[in-house]
Amino acid sequence: MENLNELQRQRLLKLERIRGKGIDPYPPRAARTHTAAEALALLDGAEPEVKPQATVGGRLVAVRVMGKASFAHVQDGSGKLQLYLRLDDLGAERYDFFRHALDLGDFVEAGGWLFRTKTGEITLHVTALRLLAKALRPPPEKWHGLKDQELRYRYRHLDLIANDEARRVFVLRSRIVSAMRRYLDARGFLEVETPVLQSLYGGANAKPFITHHNALDQDMYLRISDELYLKRLIVGGFERVYEISKDFRNEGIDTTHMPEFTMMECYAAYWDYQDVMRLVEDMLSTIAQETLGTMRIVYQGHEADLTPPWKRTTMREAILDEVDLDIAQFPDLPSLAQEIERLGLKVEQKPSWGKTVEELFGEYVEPKLIQPTFVSEYPLEISPLAKKKPGDARTVERFEAFVAGMESGNAFSELNDPQDQRARFVELGRAKEQGDEETHPLDEDYIQAMEYGMPPTGGLGIGIDRLTMLFANQSAIREVILFPALRGKE
């Protein structure tokens, strides 16, 4: 830390000397004519005898002084470009300024003509040089990068300066979102916005964040899902809607969960969960092809092929195949718990049959679903907003999509019977009275909206963070969120 302070002190002294010479170290505008990538392409497309002119701007990331000549590299958002600087071209004053006033991390503007060195590297022969912004702190040591994870997440700007991989991940994330929007827009979905602050949360089983609205003098909740508002729009006559939004759940943090996360939810009238399956496999494979150039992805050592059609199975079949337990033969919690114990399975005890089935599936089946797989027909108890499967009152028309052992989408045939919905909310209310903080609350306004009539509808939620993890081959969710929630510094 003492060394860092000394480096800062030296930079501040340089700043004073620069200002003392009447030079503005933070001029109000730049005169860049080309990005680094454009400059490289400019020479590639030029005739051999032509010396294309360019003015570039970027961060100074490397300097190699060789007496009366020097090489340097500047980096902008498009890449890097080598600079060649000579005393004879710049003059003594400007060359001295380059050598003694500038530091790594400074932003500079350099103008001149492009050529290739003997090693073939495209280089800008600098004839004009100007400081654009003086950096008062040194950048992270480039060759080793910024390794401390806590520092990388807390000071993401340094991570982006030091680590090319971090920049790649977030460029990819942006392209995934753009490709998803294009896909949905092209298929008649309308992008909408729904409230972040809600008087009653809903759409998922989760504990909300609570805040207070001073003007209304009432407590409000940060949304845990967009679902109930988006389905109101289906009632209102918009037949295909979607939203890419920030949601908030007051839960723990692990490699795949963060309290603040990004979701895409979409709903289509006159669809069911089978229609949504076809949408998911086509959409994700299309996005992969657009952003990665292939439908084959590698995630944590596993290769998965997203090419449709994907495998389809049921939760009952998947559990039976993996642990030789037929959940249909044990239709209540005591008998299921007894069979789990008999088989020696390590499953955390849950308060209901449905949640125990879900836990059993998550422990023994989910990690092994490497190739893209739709798992359908979930227990009613853990799916309060999904339509029942005809002929099976305990099962709903719901699926989750799994790729490389990770859940990558959740969808239903949406429940549109308001009386059934009310009965389920009332049943969930009993669990809430018994201390379940994640139980879905009774929402009278939503039920009233259903009473005006909602057509058969298919709905889908995909976590943008997890999808980026999958496509970028990142094992932790904080690697794909620019500024993840962290404990405050002391």
### Task
As a check on your grasp of the helix formula, calculate [θ] at 222 nm for the chain: sum -39500 (n - 2.57) over DSSP H runs of n ≥ 4, divide by the residue count, round to the nearest 500.
-11000 deg cm²/dmol
#### Entry: Solvent-accessible area per residue for the chain (1.4 angstrom probe, square angstrom)
50 Å²
#### Entry: Calculated on alpha-carbon atoms, Rg and Dmax of the chain in Å
28.8, 89
### Message
For Ala62, what residues show an amide H to amide H distance below 5 Å, using hydrogens built from the backbone and excluding near sequence neighbours?
### Response
His73
### Message
Within 15 Å, Cβ to Cβ, of Val396, how many net charges do the neighbouring residues add up to if Lys/Arg are +1 and Asp/Glu are -1?
### Response
-4
### Message
Show me the ranking of peptides 285-297, 10-22 by mean Cβ neighbours inside 10 Å, starting with the highest.
### Response
285-297, 10-22
### Summary
In the neighbourhood of Glu121 defined by beta carbon distances under 13 Å, the net charge of the other residues (Lys, Arg +1; Asp, Glu -1) is +3
### Task
Have a look at the DSSP beta bridges in the chain and tell me what percent are antiparallel, nearest 5.
90 percent
### Query
Scanning the chain for helices, which whole DSSP H stretches are 15 Å or more long along the axis (Cα) and average 0.0 or more by Kyte-Doolittle?
273-292
### Task
Order the peptides 367-378, 46-57, 93-104 from the highest to the lowest mean number of other Cβ atoms within 10 Å of their residues.
367-378, 93-104, 46-57
### Query
Considering amide H positions built from the backbone, and no H for Pro or chain starts, which residues 5 or more places from Trp310, or on another chain, come under 5 Å of its amide H?
none
## Note on the structure
By the Cα gyration tensor axes a ≥ b ≥ c (a/c under 1.5 gives rounded; else a/b larger than b/c gives prolate, otherwise oblate), the shape of the range 327-422 is oblate
### Query
In nm, to one decimal, how far is the modelled label at Met66 from the one at Leu87, with both set 7 Å along Cα→Cβ?
1.5 nm
### Task
Would you grab the residues whose amide H sits under 5 Å from the one on Ala128? Only those 5+ places off in sequence or on another chain, please, with H modelled 1.01 Å from N.
Gly111
### Task
With viscosity set to 1.567 mPa s and temperature to 4 °C, compute the Stokes-Einstein D of the range 339-490, Rh being the Kirkwood radius across alpha carbon pairs; µm²/s, no decimals.
73 µm²/s
### Query
Taking all protein chains as present, what is the carbon and sulfur share of the accessible area of the chain, in % to the nearest whole number, probe 1.4 Å?
51 percent
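The values are calculated or read from the model by the stated rules, or taken from the named source; none is laboratory data. Everything quoted here is computed from the prediction, not taken from an experiment. Neighbour counts run over all protein chains shown; Cβ positions are idealised from the backbone, glycine included. Note: accessible area is taken over every heavy atom of the protein model, side chains too, but ligands, DNA and RNA are not part of it. Shrake-Rupley method; radii C 1.70, N 1.55, O 1.52, S 1.80 Å.
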